[in-house]
Amino acid sequence: MKKHAFKMEVAAACAACALAALADEPFVGFADDKVEVSDAGSAGAPPPADAPYRNPGLDVEKRIDDLLPRLTDEEKMHLVHASGGMTMGHVPRIGLVNFRTPDAGGGARAADRPGITYFPAPIAYAAAFDRDLAFQVGRVMGEETRGVYPAKEAGPNGTARVLLGPGVNIARTPLGARNFEYFGEDPRLAGEMAAAWVAGLQSVKVAPCMKHYCFNDQEADRTIINVDCPERAVREIYVRPFEIAVKEVDPWSFMNSYNKFRGKWTSHSAYLNDMLCKEYGATGAMIPDWGGVHGMPEAINAGTTIESSTREDPKRDKRELKLLAEGKIDRARFDDSVRRALRFYFRVGAFDTDKKEERELQARCEASFRSEEHQAVARRAAEEGFVMVKNDGLLPFRGKTVAVVGPLADVKHAMSESDTNLRRHGGSGAVKAAREITPLEGFRTVFGSDNVVTGKNAAEVAAKADVVVYCGGIDHSYDREVIGRGHLVPHDRPDLFLKKYGDKTQEDEILEVAKANPNLVVMLNGGAPLSVEKWHEAAKAIFVTWYGGEFGGEVFARMVKGEVNPSGRLPYTYGKKLDDWPSHALGEKSYPGVWPKPPKKNKKGQLWGDPWQEYADGIWVGYRGFDKYGIEPRYPFGHGLSYTTWHVGSPEVEKKGTGNGERGTEWQLTVRVENAGKMAGRRAVLLWASKPQQKDAEMPRRELVAFESVNLKPGETKSVSFKAGFEELKYWSEQDNRWKMPEGEVKFAVE
Ligand code: BGC
């Protein structure tokens, strides 16, 4: 068997590889790791050049049917394993190339190739409530995924064809350290954003790996915690974004989470995998998170398709083939895994690199890398995603001089060229950006350097200008993936407050600045709700700008000046205190979980044990919980102000029955939206449904069922249409163990 060794060029490309390194455990793909690549059971002559499976014009299932009988058992076993830390594929005999699988987040991460287009964090385009934007972001990130390793320079690891995202875990706690990578607290919003992003990515034949399936909704103990959750919440909240994406765009792959669910690792949970693949019809590959398989027989028997992050290892393949022969690996499950793996490799064009269409697509993506058009989409995501949550009439600012102060005024959040510290920049969500305009730089560009003052003593500087912009919040030392196995501290954010950087809290500093200059604008950086309680009255305007990508600082300055009209809406409820969230009010069993026995060190020195957690808040997550318990939020889900005046009419509702029982009822809704103010702008329109109470289920006061986005000039009016049918309105009956349409009159509201 021919073997060649090569050096992975990717420095700390894989968060999980860093995880294994910390865990003092061998792991492939880590910086400077030597990876052995074999030809994986490729003994024998290649199939003929005109074999039908080599024809890209043929239907994928037919290509698989043709290829399957040509494969050796060793090749089949190889196909259900990765070929390296961040690579997959690679069976040269049959023409399957090796290809890379970079992480998503702020863009296509390639730690050894700085200079990608840096997008705002995904939570920002959730805040835009704009599916077209999510599609464009997905498409551009897909093009950059292919472009970042040009075919000619890609080396033995190949070009990239998978982007490890989108993340659709639910923000059941505002403290969740990866909330910035996800799409907020509502499953419909998360599912629709993911579906659009995935469609964009797949349009350029790059596979998503929709993650983390399921219940990785916090970072605390995520690699060991055992989650239990009432079935209705499993269906309606946590699996729902995946279900929505499956039904809309059939994503090409999914990533199982690290944690356990009802006593089983999710990658060993036939229950979860079958729900997605058999019940909801996913045809994509199930790929456990990096290092998340705890025994391949169990994983395959539960529906795993490809074990990620493994090396090529013919000895392991032989061992596992023996388990297959002995019946310890289920034959039907294994066959399904091989079929799904092939489908995945065909879909990303990994068999077709020598074909014209594939070569042209690759060349087009390489040529578009960091094009103006790509950068324009990153800028648009910031323009649409920033949320103005308060404006006492101070803005748009018409004065001249601006003081830009606060701990995050001149901070870059992405990695720099020489920096490989993933952890400090968010973990899997980190990127090596081509550039990042900080708020200070942005204000200097937009207002002119002579009109911008800054300095350390914030209050003193504030007094010197017409308006003061305080840039604070949190950074990636809080908002980041927890890298490492077992029980690790720190994990999620410690509390709801702004991060303390120096001697003073930011809260105190904001109050001092407000005294020095009452024309105070506060910019909040960070991926999740923060407490504004101590100081929000002192600020005349407040913005939530997430992680704004490469243009963030400039877009924000233009927004303050009124050159960009704010249009984002909060994808989270902003509570006043932690216990406002039912997940916290219910105590430690609910968050962060409890330890029946304290953690112990295992043989590898990791703090291991069996923490568990009960999602006792059920479906009462985010606004559903605030509504149920009558808790007044500081800012509700969907809150967001504009510089223009919007009139959103009441919906005209038409009920249509197709005669197909409860699944056949559908409502068509039309609403008129008018820009009645003086500035052009974009309006995201949200459709809410209030379902009547049911005998077998308590209904939330309202639920988001759809959203649309319109751009209107002053005085312009447009009609917006929605559809709401079974898929949008169904609820899970625990009594009947099935989806049902609510009985009685559904009420709709638009805002
Ligand atoms: C993260 C995933 C990521 C993977 C590969 C894991 O630690 O949880 O989100 O895609 O590493 O870097």
Selection status of K601, of a type outside the set (A, V, I, L, M, F, W, C) and in contact with a strand residue (DSSP E or B) (Cβ under 9 Å, 6 or more places away or on another chain)
yes
Could you list, in sequence order, all residues of the stretch 293-315 that are among the hydrophobic types (A, V, I, L, M, F, W, C), within 15 Å of the ligand (Cβ to nearest atom) and either touching a His at 6+ places or on another chain (Cβ under 6 Å) or over 18 Å from D73 (Cα atoms) (or both)?
V293
Identify all residues within the stretch 263-292 that are away from the ligand (no atom under 15 Å from the Cβ) and either under 17 Å from I225 (Cβ atoms) or surrounded by 18 or more Cβ atoms within 10 Å (Cβ to Cβ) (or both); write none if there are none.
G263, K264, H268, S269, L272, N273, M275, L276, C277, A282, G284
Confirm whether V513 is hydrophobic (A, V, I, L, M, F, W, C) and surrounded by fewer than 22 Cβ atoms within 10 Å (Cβ to Cβ).
no
When you look at E436, is it among the acidic types (D, E), assigned to a helix (DSSP H, G or I) and away from the ligand (no atom under 16 Å from the Cβ), yes or no?
no
Hey, can you tell me all the residues within the stretch 654-672 that are within 18 Å of V705 (Cβ to Cβ), at pLDDT 80 or above and surrounded by 13 or more Cβ atoms within 10 Å (Cβ to Cβ)?
R663, G664, T665, E666, W667, Q668, L669, T670, V671
Over 26 Å from E537 (Cβ atoms), among the aliphatic types (A, V, I, L, M) and in a loop (DSSP other than H, G, I, E, B): which single residue out of A350, A381, A367 fits that description?
A350
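Matching residues to (1) at positive phi; (2) part of a loop (DSSP other than H, G, I, E, B); (3) of a type in the set (V, I, T):
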position: E243; (1), (2), (3): no, no, no
position: K278; (1), (2), (3): no, no, no
position: M286; (1), (2), (3): no, no, no
position: G303; (1), (2), (3): yes, yes, no
position: R319; (1), (2), (3): no, no, no
position: L324; (1), (2), (3): no, no, no
position: K328; (1), (2), (3): no, yes, no
position: D335; (1), (2), (3): no, no, no
Odd one out for D112, checked against (1) of a type in the set (D, E); (2) open to solvent by 10 Å² or more (accessible area, probe 1.4 Å); (3) outside any loop (DSSP other than H, G, I, E, B):
(3)
Which one of the conditions (1) of a type in the set (G, A, S); (2) free of Cβ contacts under 8 Å to residues at least 60 places away in the same chain; (3) crowded, with 20+ Cβ neighbours inside 10 Å does G630 fail to meet, given that it meets all the rest?
(3)
Which numbered condition in (1) open to solvent by 10 Å² or more (accessible area, probe 1.4 Å); (2) among the hydrophobic types (A, V, I, L, M, F, W, C); (3) under 30 Å from the mean Cα position of the chain (by Cα) is the only one that V387 fails?
(1)
Yes or no: R63 surrounded by fewer than 24 Cβ atoms within 10 Å (Cβ to Cβ), in a loop (DSSP other than H, G, I, E, B) and more than 15 Å from the ligand (Cβ to nearest atom)?
no
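Filter the stretch 646-680 for residues that are among the basic types (K, R) and in a strand (DSSP E or B) and give the result.
Scanning the stretch 646-680 gives K655, K656, R672.
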Of (1) open to solvent by 50 Å² or more (accessible area, probe 1.4 Å); (2) modelled with pLDDT under 95; (3) in contact with a Leu (Cβ under 7 Å, 6 or more places away or on another chain), V489 fails just (3)
Please specify each residue of the stretch 674-704 satisfying the condition of being open to solvent by 20 Å² or more (accessible area, probe 1.4 Å) and farther than 16 Å from P714 by Cα.
S690, P692, Q693, Q694, K695, D696, E698, R701, R702
Pick from I224, I244: which is touching a Gly at 6+ places or on another chain (Cβ under 7 Å), surrounded by fewer than 24 Cβ atoms within 10 Å (Cβ to Cβ), over 23 Å from Y591 (Cα atoms) and not acidic (D, E)?
I244
For the structure I just gave you, tell me whether E231 is in contact with a strand residue (DSSP E or B) (Cβ under 8 Å, 6 or more places away or on another chain), open to solvent by 10 Å² or more (accessible area, probe 1.4 Å), touching a residue at least 12 places away in the same chain (Cβ under 8 Å) and more than 16 Å from the ligand (Cβ to nearest atom).
yes
Go through the stretch 477-491 and give me each residue that's more than 13 Å from the ligand (Cβ to nearest atom) and within 21 Å of P407 (Cα to Cα).
S477, Y478, D479
Going through K678, K691 one at a time, which residue ends up being among the charged types (D, E, K, R) and out of contact with any helix residue (DSSP H, G or I) (no Cβ under 8 Å at 6 or more places or on another chain)?
K678
Among the candidates R311, R339, single out the residue that is among the basic types (K, R) and assigned to a helix (DSSP H, G or I).
R339
Just need a number here: residues in the stretch 259-296 that are among the aromatic types (F, W, Y), farther than 16 Å from A82 by Cβ and in contact with a Gly (Cβ under 9 Å, 6 or more places away or on another chain).
1
D610 being charged (D, E, K, R), in contact with a Leu (Cβ under 9 Å, 6 or more places away or on another chain) and part of a loop (DSSP other than H, G, I, E, B):
no
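The values are calculated or read from the model by the stated rules, or taken from the named source; none is laboratory data. Remember, predicted model here, so these are calculated numbers, not experimental data. FYI the Cβ positions are ideal-geometry reconstructions off the backbone, even for glycines, and counts take in every protein chain you see. In case anyone asks, the SASA skips ligands and DNA or RNA and just uses the protein heavy atoms, side chains included. Shrake-Rupley method; radii C 1.70, N 1.55, O 1.52, S 1.80 Å.
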